[in-house]
Structures are given as structure tokens and as C-alpha cells.
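What follows is a short report on a single structure.
The values are calculated or read from the model by the stated rules, or taken from the named source; none is laboratory data. As the structure is a prediction and not an experimental result, all values here were calculated from the model. Using ideal geometry, Cβ is built from the backbone for each residue, glycine included, and neighbour counts are taken over all protein chains shown. These accessible areas exclude ligands, DNA and RNA; they are computed on the full protein's heavy atoms, side chains included. Shrake-Rupley method; radii C 1.70, N 1.55, O 1.52, S 1.80 Å.
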Amino acid sequence: MAANSSSTVSKPSNIIGGKQSGPSAEQVGLYNEAFCNFVQSNVVAAFQRMRSEQRSMASKAAELEMEINEHSLVIETLKDVDPTRKCFRLVGGVLVERTVKEVLPALGSNKEQISKIVESLNIQMQTKGRELTEYREKYNIRLVGEGEEGQGKSAATSNGGGSKGGAGVLVS
């Protein structure tokens, strides 16, 4: 009987006086897994938001490039026209009658302003691209279809074997 009492004393117990002193190893594992899933979903959501912002900037830049081309086409067409000839211009949804002499400088000015905006958007897209790259490297994010040559490596990084010590995140 002395052997039994010494064996029970040497075992660590989470129960003291009938109450549990802390979470069990199983509970800790579940909490850790839930926390990791929560962090990964937030990392992925932030990454997706950044990608979406970059895409919207690219879309807006492409749209403005088309406007620049339209302005150029109209300017080239109106250069050879009599400056006193009537032309119509859409201003704020209202068609306004003007002369070619009045419209050409305004078109040139608009074209320059749009070009400056496109330049600004391109700089913002480059900055966002660098941010995305840094974010991907920080959290070891891989895109679907990327790095297919290292299938064995991807399994190691998704199990926590990455160089950063964290699990890799796969984004579609």
C-alpha cells in the first residue's frame, strides 16, 4: 500500500482539492489550434484586402489611360478644324456648346491632369506591390499554383517547418 501512495504522489495532477487547477493538455491544444486558425484567417483576409486594393488601383489606372487616349484622339481631330467652328462638350452630364478654340486648351489641360493622376496611381501600385511582397515573406504566404516545383517543401512549410517558424498560408 505504501507503493501505491508513493506512485500517486509522484504523478502531477491538474486536480487540487476536487477542482481543476488549469486547462488540460487537450484543451490547451484546442485553444492553440483555434488561435492559429484565427490568426491565419486574419492574415489571409488582410492579404486579400491588399491584393484587392492593388487590383482596383490597376483597374482605375487602365480606365484613366483609356481616357487619355480618347482625349488625344479628340485633340488630334480638332487641331485641323477651324477654331471658330462650333463643338459640343459634355460637362458634368450637360452638353455645352463651345468653339474649338475654347475646347482645345481645356482638353489639353484635362489630359495633363489625368496623366498626373495615372503617374500617382502607378507609384501607389508599386508601393502596394512592395507591401504585398513584404507581407507574403513575413507570413510565408504562397499563392495557389505558385512554387509547384517544390511539393515536398510545401508540405514541410505548411506543418510549421518554415524558416520563419510559423505555418505557411496558402491563398487561392
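Got a sec? Which of Lys164, Lys153 is at pLDDT below 95, assigned to a helix (DSSP H, G or I) and not β-branched (Val, Ile, Thr)?
Lys153
Look through region 37-90, keep the residues that are under 28 Å from Gln124 (Cβ atoms) and among the hydroxyl-bearing types (Ser, Thr, Tyr), and return whichever of them is least open to solvent (accessible area, probe 1.4 Å).
Taking the candidates together, the pick is Ser72.
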